[in-house]
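What follows is a single structure, written as structure tokens, with notes after it.
The values are calculated or read from the model by the stated rules, or taken from the named source; none is laboratory data. Worth saying up front: this structure is predicted, and the values here are computed from it rather than measured. Note that each Cβ is placed from the backbone with ideal geometry, even for glycine, and that neighbours are counted across all protein chains shown. Note: areas computed on protein heavy atoms with side chains; ligands, DNA, RNA excluded. Shrake-Rupley method; radii C 1.70, N 1.55, O 1.52, S 1.80 Å.
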Amino acid sequence: MSTQPLIGISGCLTGSAVRFDGGHKRAGFAMDELAEWVTFKPVCPEMAIGLPVPRPALRLTQLSEGEIRMRFSHEPHEDVTQKMADFSDAYLPSVSKLSGFIVCAKSPSCGMERVRLYDEKGNRGHKEGTGLFTAALLAKYPWLPVEEDGRLHDPVLRENFVERVFALHQLNTLRASGLTRGALIDFHSRYKLQLLAHHQAGYREIGPFVATLHEWEDLDAFFVAYREKLMAILKQPASRKNNTNVLMHIQGYFREQLNARQRGELREVILNYGEGRLPILAPLTLLKHYLAEYPDRYLLTQNYFNPYPDDLGLRIAVN
Ligand code: SF4
């Protein structure tokens, strides 16, 4: 397996001129920042069903009984719904190793949400559709991190997407290297603090589930269920409150080694973060410093400290 996460991407976001109008929609974050850390697998579903560049625009039409079809906006409004469904059915099984997907917003093929719907007479309706290819992608791989290019401008959504991509990549790598009970327990143990930062109730639920591992004869079936639970927890963005709890918890590990002044300083930095006066990078840097000084076997395993490459600079921007 590649050592870099493999990420699907709408072809036009890579800068390829595959759009209906002969243009592209190059996504700066993906191509200029993320590209160093991941391997992209581009696809243009509309070209894949044999459409040329340029081509008439497509749109989603909602029939009176609710069914959604993809048709050309110009006469004779040829319907390509079945072609797109056939392509999705053929293509999606070949990308089961992906760790994420970045799709192009608003497109009737690739948009993830709020794609414009039209009625049968061609009147503009609400923006509440999903592109047909992306709808099939989401249905086949509900645990897969999928984001739109536009939403990745939001620092919280961007950080959450990248974090999930690297988590799924580690899960995929774990499966590819051969599942054992020990490896699965180790994996879960490494994610404990990270899960706690995302969703306390989810963290409390997944622990007892992992404790049933010895009852599962089929480790791959366990993996599939575990992946769904873990990815659902990570999809909840880590809140400042939860992060503060986790940082306070980590602080406790240095109770013996730090003097009263150092403990007070550390507590102050964590509280200042909790109240929004400092970014999370401040307490994390201090804790990493103490961890290097006073190594703790459990803390050193925790993915929480490095959920993705530091050089992406994502923790500077969030929280
Ligand atoms: S949005 Fe999707 S279908 Fe449209 S040009 Fe981009 S990759 Fe192709």
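What is the packing order of peptides 222-232, 64-74, 43-53, taking the mean over residues of other C-beta atoms within 10 Å and listing the highest first?
Per-residue mean Cβ counts within 10 Å order the peptides as 43-53, 222-232, 64-74.
Can you give me the relative contact order of segment 154-319 as a percent, contacts being Cα pairs under 8 Å and 6 or more apart?
33 percent
Starting from the Cα of K235, draw a straight line to each of the aspartates and glutamates and keep only those under 12 Å, dropping any in the same chain fewer than 8 residues away.
Straight-distance partners of K235: E147, E159, E163.
Using the C-alpha atoms of segment 6-153, what convex hull volume per residue, in cubic angstrom, is computed?
107 Å³
By how many degrees, between 0 and 90 and to the nearest 10, does the Cα long axis of helix 200-210 differ from the longest principal axis of the chain?
Around 90 degrees separate the two axes.
Give the long-range amide H neighbours of M112: residues separated by 5 or more places, or on another chain, with amide H under 5 Å away, using H modelled in the peptide plane at 1.01 Å from N.
K106, G131
What do you get for GluC sites (Glu not before Pro) in segment 97-165 restricted to DSSP loop and a cutoff of at most 13 other Cβ within 10 Å of the site's Cβ?
Counting only loop positions with at most 13 other Cβ atoms within 10 Å, the GluC sites (Glu not before Pro) in segment 97-165 are E120.
So how strong a dipole does segment 262-307 carry about its Cα centre when Lys and Arg Cβ are +1 and Asp and Glu Cβ are -1, to the nearest 20 debye?
Its charge dipole is roughly 60 debye.
For the pair A17 and T301, what calculated FRET efficiency results from E = 1/(1 + (r/R0)^6), where r is the Cβ-Cβ distance and R0 = 51 Å, to the nearest 0.05?
FRET efficiency, T301 to A17: 0.65.
Determine the shape class of segment 177-274: with a ≥ b ≥ c the square roots of the Cα gyration tensor eigenvalues, call it rounded for a/c under 1.5, and otherwise prolate if a/b is greater than b/c, oblate otherwise.
prolate
Hey, what angle do you get for helix 240-252 against the long axis of the chain, alpha-carbon based, 0 to 90 degrees rounded to 10?
30 degrees
Once you have a ≥ b ≥ c as the square roots of the Cα gyration tensor eigenvalues for segment 259-310, tell me rounded if a/c is under 1.5, and otherwise prolate or oblate according to whether a/b is larger than b/c.
Cα axes put segment 259-310 in the oblate bin.
Roughly how many Å² is the accessible area per residue of the chain, as a whole number, for a 1.4 Å probe?
For the chain, the solvent-accessible area averages 48 Å² per residue.
At 1.4 Å probe size, with no ligands or nucleic acids counted, give the accessible surface of K106 in Å², nearest ten.
So the heavy atoms of K106 present about 150 Å² to solvent.
Quick one: Karplus J couplings for segment 270-276, per residue in order, coefficients 6.51, -1.76, 1.60, θ = phi - 60°, nearest Hz, x for Gly and Pro?
So the J values, rounded to whole Hz, are 5, 5, 5, 4, x, 8, x.
For segment 43-201, what proportion of DSSP beta bridges, expressed in % and rounded to the nearest 5, is antiparallel?
Counting DSSP beta bridges with both partners in segment 43-201, the antiparallel share is about 65 percent.
Please report the Cα spread of the chain along all three principal axes, rounded to whole Å, starting with the longest.
78, 49, 36
What does the convex hull of the Cα atoms come to per residue for segment 56-102, in Å³?
111 Å³
When Lys and Arg each count +1 and Asp and Glu each count -1, what net charge do the other residues less than 11 Å away from P108, Cβ to Cβ, add up to?
Local charge sum for P108: +4.
What does the charge count near F29 come to, summing +1 for each Lys or Arg and -1 for each Asp or Glu among other residues with Cβ under 13 Å from its Cβ?
Summing Lys/Arg as +1 and Asp/Glu as -1 gives -4.
To the nearest 10 degrees, how steeply does helix 281-293 sit against the main Cα axis of the chain, on a 0 to 90 scale?
Roughly 50 degrees between the two axes.
Which percent of the accessible area of segment 154-319 is formed by carbon and sulfur heavy atoms (probe 1.4 angstrom)?
52 percent
Over segment 6-153, what relative contact order in percent results from Cα pairs under 8 Å that are six or more residues apart?
23 percent
Using Cα-Cα distances under 8 Å and only pairs 6 or more residues apart, what relative contact order does the chain have, in percent?
It comes to 14 percent, rounded to a whole number.
What are the ³J(HN,Hα) values, in whole Hz, obtained from phi via the Karplus relation 6.51 cos²θ - 1.76 cosθ + 1.60 with θ = phi - 60°, for each residue of segment 262-268 in sequence order, with x given for Gly and Pro?
5, 5, x, 4, 4, 4, 4
Using the C-alpha atoms of segment 154-319, what convex hull volume per residue, in cubic angstrom, is computed?
Taking the convex hull of the Cα positions in segment 154-319, it is 116 Å³ per residue.
If you count the DSSP beta bridges with both ends in the chain, what percent of them are antiparallel, to the nearest 5?
For the chain, the DSSP antiparallel bridge percentage is about 40.
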